[in-house]
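Novice: A single structure is presented below for examination.
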Amino acid sequence: LERAEAKKDKSPYWANWVNVYVYGLVGQLTGAIYQNWHKVDDIPEYARLMGYGLDFGFSNDPSAMVGFYRADSGLFMKEELYQTGLTNSDMNEQFKRLGISKTQPIFADSAEPKSIEELRRYGWNIKPTKKGKDSIMYGIDILSSQDSIGVPAYSGNLIKEFRNYVWETDADGHKLNRPIDKWNHLMDAARYFAMMKLRKTNEFFVI
């Protein structure tokens, strides 16, 4: 507790972190990047699955997958996978167990071409994400421009990342134009899908 309290003076991020995770206060941290999401009980049964975003991990970082769904004019995101220690063979089995669709696209980190190819050979419709200059900010901008994003209450890790994915600050607490490099596994997976399938106008690319 003393170590946590000591961090409160370092920045607004840590002050809010302590309030949320030490004292159990409800809410998201000040400076949260995404303000356009909300919790829902579940994704509507009639929602249309649009595809997935996948961020690779292994030892310290989890492999993280998020599914995107459309119902009427609403956009929904669901945590599909969040687990460390998965080889590509393990992920193949996990995808099958979870009922991941083999017909829907999975957009993954293009920095992992070997993993993408191995999963493709297992029969998954997986594709590398095309990244350009400032791709992180571009993906954040696309997701932030959506009217609203519904997240089911049981997607615990996705909710935790939405609440904790904040802008980096300098020593004086001033916001920098870049996100912190943490709480971003499902957030990165979401960006991969957004960059390939979502427009800023809430319309969709046809690929």
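Novice: Of all residues in region 71-101, which are crowded, with 16+ Cβ neighbours inside 10 Å and part of a strand (DSSP E or B)?
Specialist: Taking region 71-101 first, the residues crowded, with 16+ Cβ neighbours inside 10 Å are 74-82, 86, 88, 91-92, 94-95, 100.
Once the filter is applied, which keeps residues that are crowded, with 16+ Cβ neighbours inside 10 Å and part of a strand (DSSP E or B), region 71-101 yields Gly74, Leu75, Phe76, Met77, Lys78, Glu79, Glu80, Leu81, Tyr82.
Novice: Please pick out the residue among Lys133, Lys197 that is among the basic types (Lys, Arg) and closer than 18 Å to Trp37 by Cβ.
Specialist: Working: Lys133 fails: closer than 18 Å to Trp37 by Cβ.
Exactly one residue qualifies, and that residue is Lys197.
Novice: Got a number for residues in region 119-144 being over 30 Å from Trp167 (Cα atoms) and open to solvent by 70 Å² or more (accessible area, probe 1.4 Å)?
Specialist: The total comes to 3.
Novice: What number goes with the only condition from (1) closer than 28 Å to Ala71 by Cα; (2) open to solvent by less than 60 Å² (accessible area, probe 1.4 Å); (3) not β-branched (Val, Ile, Thr) that Gly173 does not pass?
Specialist: Exception for Gly173: condition (1).
Novice: Which number in (1) in a loop (DSSP other than H, G, I, E, B); (2) open to solvent by less than 40 Å² (accessible area, probe 1.4 Å) marks the one condition that Gly150 misses?
Specialist: Result: Gly150 fails condition (1) only.
Novice: Right, another one. Being modelled with pLDDT of 95 or more, in contact with a Lys or Arg (Cβ under 7 Å, 6 or more places away or on another chain) and either of a type outside the set (Val, Ile, Thr) or farther than 19 Å from Asp41 by Cα (or both) narrows it down to one residue among Ser110, Ser89, Ser115, Ser101; which is it? Break it down stepwise before answering.
Specialist: Values: Ser89 fails: in contact with a Lys or Arg (Cβ under 7 Å, 6 or more places away or on another chain); Ser115 fails: in contact with a Lys or Arg (Cβ under 7 Å, 6 or more places away or on another chain); Ser101 fails: in contact with a Lys or Arg (Cβ under 7 Å, 6 or more places away or on another chain).
One residue alone meets the criteria, Ser110.
Novice: Take Glu112 and tell me if it is touching a residue at least 24 places away in the same chain (Cβ under 8 Å), out of contact with any Asp or Glu (no Cβ under 7 Å at 6 or more places or on another chain), of a type in the set (Asp, Glu) and within 19 Å of Tyr52 (Cα to Cα).
Specialist: Details: touching a residue at least 24 places away in the same chain (Cβ under 8 Å): yes; out of contact with any Asp or Glu (no Cβ under 7 Å at 6 or more places or on another chain): yes; of a type in the set (Asp, Glu): yes; within 19 Å of Tyr52 (Cα to Cα): yes.
So Glu112 passes the test.
Novice: I would also like to ask the following. Which of the residues belonging to region 53-69 are part of a strand (DSSP E or B) and touching a His at 6+ places or on another chain (Cβ under 7 Å)? Quick ask: steps written out before the conclusion?
Specialist: Taking region 53-69 first, the residues part of a strand (DSSP E or B) are 53-55, 63-69.
Answer for region 53-69, where residues must be part of a strand (DSSP E or B) and touching a His at 6+ places or on another chain (Cβ under 7 Å): Asp55, Ala64.
Residues are listed down the side, and each one gets a yes or a no for (1) within 24 Å of Asn60 (Cα to Cα); (2) touching a strand residue (DSSP E or B) at 6+ places or on another chain (Cβ under 8 Å); (3) of a type in the set (Lys, Arg):
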| position | (1), (2), (3) |
| --- | --- |
| Ser110 | yes, yes, no |
| Thr129 | yes, yes, no |
| Lys133 | no, no, yes |
| Met137 | no, yes, no |
| Ile149 | no, yes, no |
| Ser155 | yes, yes, no |
| His185 | yes, yes, no |
| Arg191 | yes, yes, yes |
| Ala194 | no, yes, no |
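The values are calculated or read from the model by the stated rules, or taken from the named source; none is laboratory data. Quick caveat, the model's predicted, so the values are computed rather than measured. Ideal geometry is used to build each Cβ from the backbone, glycine not excepted, and the neighbour counts take in all protein chains shown. With ligands, DNA and RNA removed, areas are computed over all heavy atoms of the protein, side chains included. Shrake-Rupley method; radii C 1.70, N 1.55, O 1.52, S 1.80 Å.
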